[in-house]
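Worksheet: the structure to be examined is printed underneath.
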Amino acid sequence: MRILVTGGAGFVGSHLVDRLMNQGHEVLCLDNFYTGTKTNIKQWFNNPRFELIRHDITEPIRLEVDQIYHLACPASPIHYQFNPVKTIKVNVIGTLNMLGLAKRVKARFLLASTSEVYGDPDVHPQPEEYRGNVNCIGIRSCYDEGKRVAETLAFDYYREHKLAIRVARIFNTYGPRMLENDGRVVSNFIAQAIRGIPLTVYGDGSQTRSFCYVSDLVEGLMRLMNNDYVGPVNLGNPGEYTILQLAQTIQEMVNPDAELIYKPLPEDDPKQRQPDITKAKHYLDWQPTIPLQEGLKFTIEDFRQKIQV
Ligand code: NAD
Ligand code: UDP
């Protein structure tokens, strides 16, 4: 098949491109390199089945493809809050452009949505039926509300134009190729521990997250795309940890001498998060296979190569 991956030079997108290329597909990787890098996909530059398109999805584009994995959107809070209006444009106008493209060429369209649509959840763990607790005027809303509109657009194209859509709600994902400076917790803690500087725990560290290794997530995305189930479906690892537990785990694995310091909790930071993956198990026969310790080991190896101390 000919498959378009928007955001294909980013963290998740580049791992997905690897899998699709290894399966023998023709892959079009579209990216504006806002948070993605050519390094993530350079292994495919000489392969005739691979094509790299520098393009900003807030502008329309014409391409002929069979499937679209729509991942383009900065995912880390510091990047999506750097230019919040642009983040909304990417999620609304960008998603509209990609849905328009899918409609024109009758491609199947998978939206990379997020657990952030549940906001600061008061139902725990979060099933797909939960409608969320999002602050529509807060600093995270450019992303949260942006993704909620992206889901709405996808479902309206499905109902109005019979477009074949799939919606994945992705929970915190980590692994090699995360940017060391993107401000997400796993990359921050690993980079800090390697550099021997204090690990920055925000708040008292009692807030929780559930961390999914990137290869598990990519498998889930591909199963969803090639399945009849439309979604939305949660994709994440139900193993839930406090941020303090994560800091201590990384401290032990990388550098027991590194200190922990406490910094203020960012505004609207969700207190708890754990996916209910009943639907993913039932419809996609999917569940994560890589435990946190093992996934951290691979990620730490990658960061040790990137960071010279
Ligand atoms: P990332 O920032 O590494 O990748 C996003 C990619 O999109 C980058 O390559 C970036 O350059 C590109 N991009 C951004 N704006 C663009 C634009 N206007 N036009 C074209 N390309 C653009 O993030 P990621 O972690 O790989 O996330 C990928 C997708 O998965 C995102 O849609 C994100 O919202 C979603 N997601 C990720 C996580 C996670 O924990 N990683 C969790 C939930 C949802
Ligand atoms: N966090 C932290 N220290 C850091 C970076 C993040 O304690 O250096 C916390 C952050 O406040 C949040 C959790 O870790 O509670 C996950 O943050 P991240 O930005 O990775 O993802 P998100 O908040 O979008 O789930």
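The values are calculated or read from the model by the stated rules, or taken from the named source; none is laboratory data. Computed from a predicted model, the values in this text were never measured in an experiment. All Cβ positions, even for glycine, are placed from backbone atoms using ideal geometry, and neighbour counts span all protein chains on display.
Things worth noting here:
- Thr6 being of a type in the set (Val, Ile, Thr) and surrounded by 24 or more Cβ atoms within 10 Å (Cβ to Cβ): yes
- Unique match (being buried (at least 19 other Cβ atoms within 10 Å of the Cβ) and either under 19 Å from Val149 (Cα atoms) or within 15 Å of ligand 2 (Cβ to nearest atom) (or both)) among Val85, Val90: Val90
- Residue match in region 70-80 (condition: in a strand (DSSP E or B), surrounded by 21 or more Cβ atoms within 10 Å (Cβ to Cβ) and touching a Ser or Thr at 6+ places or on another chain (Cβ under 9 Å)): yes
- In region 49-69, residue nearest to the chain's Cα centre (by Cα) [restricted to those that are surrounded by fewer than 16 Cβ atoms within 10 Å (Cβ to Cβ) and touching a residue at least 60 places away in the same chain (Cβ under 8 Å)]: Asp66
- Subset of region 252-309 (residues that are of a type in the set (Phe, Trp, Tyr), under 28 Å from Val230 (Cβ atoms) and surrounded by fewer than 18 Cβ atoms within 10 Å (Cβ to Cβ)): Tyr283
- The single residue among Arg131, Arg108 that is of a type in the set (Lys, Arg), under 21 Å from His55 (Cβ atoms), at pLDDT 95 or above and more than 15 Å from ligand 1 (Cβ to nearest atom) turns out to be Arg108.
- Candidates in region 179-215 are the residues that are within 10 Å of ligand 2 (Cβ to nearest atom) and part of a strand (DSSP E or B); of these, the one that is nearest to Ile250 (Cα to Cα) is Leu199.
- Which listed residue, of Asp285, Asp268, Asp302, Asp276, is within 15 Å of ligand 1 (Cβ to nearest atom) and farther than 14 Å from Val185 by Cβ: Asp302
- Some residue of region 131-139 being within 10 Å of ligand 2 (Cβ to nearest atom), exposed (fewer than 15 other Cβ atoms within 10 Å of the Cβ), over 21 Å from Gly13 (Cβ atoms) and touching a residue at least 24 places away in the same chain (Cβ under 8 Å): no
- Qualifying residue in region 151-173 (condition: in a helix (DSSP H, G or I) and under 29 Å from Lys263 (Cβ atoms)): no
- Restricting region 93-130 to residues that are in a helix (DSSP H, G or I) and more than 13 Å from Ala150 (Cα to Cα), the residue that is nearest to ligand 2 (Cβ to nearest atom): Ser115
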